[in-house]
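Everything on this sheet refers to the single structure shown next.
Values quoted throughout were computed directly from the atomic coordinates according to the rules given, and no laboratory measurement underlies them. Please read all numbers here as calculations on a predicted model, not as lab measurements. Backbone-built Cβ (ideal geometry, glycine too); neighbour counts: all protein chains shown.
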Amino acid sequence: MPVQLRFGPEDLLRCRFAISPLCETHEAVRTLRRTGRHGYHRSWLRRMRAAVAGLDLSELWLFMPHGGYIPDFLGPPPDAPFATPASFEAELARVRGTDPAMARDEMARSLACVPGAARSPLGRRMLDDPARAVQRLADLTEKVWTVLIADDWPRLRELMEADVAYRTRKLVEGGLESLFSDLHASVRWAEGALTLRTAPSALNVRDLGGRGILLMPSVFVWPDVVSGFAPPWQPTVIYPARGMAGLWPDDAPTPAPDALVRLLGANRAAILRGLREPASTTALAHRYGLAPSSVSAHLSVLRDSGLLTSHRRGHQVLYTRTPLGEALAGGT
């Protein structure tokens, strides 16, 4: 639903970022149903085909109506600081602790988005015993995490952390207007309001009321942007993280130009060329099939030559091209 979020003075002080493994798990489930809109995730889907065939996702899909309301209790916004994010297990524990009465209300609202869903055998079964429904949905979410997400989570998290680092710099350099300028094609910041035009229907105007806003990068939300969460949850915008083009193994980076290879050597040229987004030594080693010690040595040379800069983000050191590095990497 198109929405306009109006900021007051207090809201400007309560803008924050978070990364949620629980949210990413549910967005991955939604990706499985995006017929013809898989884009960057085709290689992931091919790799997961056999695993998906072994999952019965009907209970989760029941509460993921296309363009409709998804129960907030399935993925409440993280309340942990960005520097010390909650684990999947901690987030799932919050789901398991959901009050059954609240869960029933939210499930009924979600089922109302699809004619006849509440009267279907599965819909009636979930509404008749909401406490059992919460535990079944949590169990299924845990299974999805284990089968589809857990092994890839370190690289997914790193990509999202790099996105937050990029947007933090934009906020410092140009304020909220700069931060939101390239968040998503359907997002616009103007006159103290954030507008998300995700459909041609009428705009729903909401005042944030001093609660601020939570911004959550996501890999699997692509190509959409999602806004939601009614009180008591903080208003949240989930948007596609930058850098997905080189995320999956089948999406090989483009070769460096011959001139750049002759200047820097094949591995250093590939690393410099591939640093379109901030990345760590571990991620680059995985991407190029090199030993982490070798990548670290190449990064040191590139940084000492003024082509890269580094900064710490949580437990990782991320490397980014300098303007000189950008110019050199873009040469042909």
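Counting pairs of alpha carbon atoms under 8 Å apart in space and at least six apart in sequence, what relative contact order in percent does the chain give? Don't skip to the end; give the middle numbers.
Working: 464 pairs, mean separation 78.8, N = 332.
The normalised contact order for the chain reaches 24 percent.
Could you tell me how many degrees, from 0 to 90 and to the nearest 10, lie between the Cα long axis of helix 292-304 and the main elongation axis, the longest principal axis, of the Cα atoms of the chain?
Taking Cα atoms only, the helix is inclined about 70 degrees.
Nearest 10 degrees is fine. How inclined is helix 153-180 to the longest principal axis of the chain, computing both from alpha carbons?
Result, in degrees: 90.
If Lys and Arg each add +1 and Asp and Glu each add -1, what is the summed charge of the other residues whose beta carbon sits under 13 Å from the beta carbon of ALA53? Can you show the working numbers first?
Details: positive: ARG46, ARG47, ARG49; negative: ASP56.
Combined, the nearby Lys, Arg, Asp and Glu give +2.
As a test of understanding, state the convex hull volume per residue of the stretch 6-52 from its alpha carbons, in Å³. Can you show the working numbers first?
Numbers: hull volume 5.9 nm³, N = 47.
Given the Cα convex hull of the stretch 6-52, per-residue volume reads 125 Å³.
With Cβ to Cβ distances under 13 Å as the rule, what net charge do the other residues near VAL261 carry (K, R +1; D, E -1)? Each step should come with its number before you reach the end.
Working: positive: ARG262, ARG268, ARG273; negative: ASP258.
Combined, the nearby Lys, Arg, Asp and Glu give +2.
Which value in nm describes the separation of the simple spin-label points at ARG312 and ASP56, placed 7 Å from the Cα toward the beta carbon?
Each label point lies 7 Å from its Cα, and together they span 5.0 nm.
Got the relative contact order for the stretch 252-329 handy, in percent, Cα pairs under 8 Å and 6 or more residues apart?
On the way: 86 pairs, mean separation 24.1, N = 78.
Taking the mean separation of contacting Cα pairs over the length of the stretch 252-329, I get 31 percent.
Charges at C-beta only: +1 for Lys and Arg, -1 for Asp and Glu. How large is the resulting dipole of the chain about its Cα centre, in Debye rounded to 20? List each step's numbers first, then the result.
Values: 40 positive and 34 negative charges, 118 e Å.
Dipole about the Cα centre, nearest 20: 560 debye.
Divide by every residue of the chain the summed helix terms, -39500 (n - 2.57) for each DSSP H run of at least 4, and state the resulting mean residue ellipticity at 222 nm, rounded to the nearest 500 deg cm²/dmol.
Working: 14 runs with 148 residues, N = 332.
For the chain, the value works out to -13500 deg cm²/dmol.
Taking the Cα centre as origin and putting +1 on Lys and Arg beta-carbons and -1 on Asp and Glu beta-carbons, what dipole magnitude results for the stretch 99-157, to the nearest 20 debye?
Working: 10 positive and 9 negative charges, 39 e Å.
In total the dipole reaches around 180 debye.
Can you tell me which of 42-50, 231-239 comes out highest on packing, and rank the rest after it, using the mean Cβ neighbours within 10 Å?
With the highest mean Cβ count within 10 Å placed first, the list reads 231-239, 42-50.
Provide the descending list of Cα extents for the chain along its principal axes, expressed in whole angstroms.
Computed over the Cα atoms, the extents are 68, 49, 36 Å.
Place a label point 7 angstrom from the Cα of THR322 along the Cα-to-Cβ direction, then list the residues of the stretch 279-308 whose backbone nitrogen is under 13 Å away.
Backbone N within reach: 300-308.
Provide the percentage of antiparallel DSSP beta bridges, counting only those with both residues in the chain; round to the nearest 5.
Values: 18 of 30 bridges.
Antiparallel: roughly 60 percent of the beta bridges in the chain.
Set the Förster radius R0 to 25 Å, insert the Cβ-Cβ distance between SER181 and GLU10 as r into 1/(1 + (r/R0)^6), and round the FRET efficiency to 0.05. Walk me through the intermediate numbers first.
Working: r = 23 Å, r/R0 = 0.93.
Here the calculated transfer efficiency is 0.60.
Specify the angular offset, from 0 to 90 degrees and rounded to the nearest 10, of the alpha carbon long axis of helix 21-31 from the longest principal axis of the alpha carbons in the chain.
80 degrees
Give, as a single signed number, the net charge of other residues whose beta carbon lies under 13 Å from the beta carbon of GLU326, with Lys and Arg counted +1 and Asp and Glu -1. Kindly include the intermediate steps, with their values, before the conclusion.
Values: positive: ARG273, ARG276, ARG321; negative: GLU277.
Surrounding charge for GLU326 is +2.
At 0.36 nm per residue, minus the direct Cα-Cα distance, what do ALA93 and CYS113 gain on full extension? Give it in nm, one decimal, please.
Taking 0.36 nm per residue and subtracting the Cα distance, the gain is 4.5 nm.
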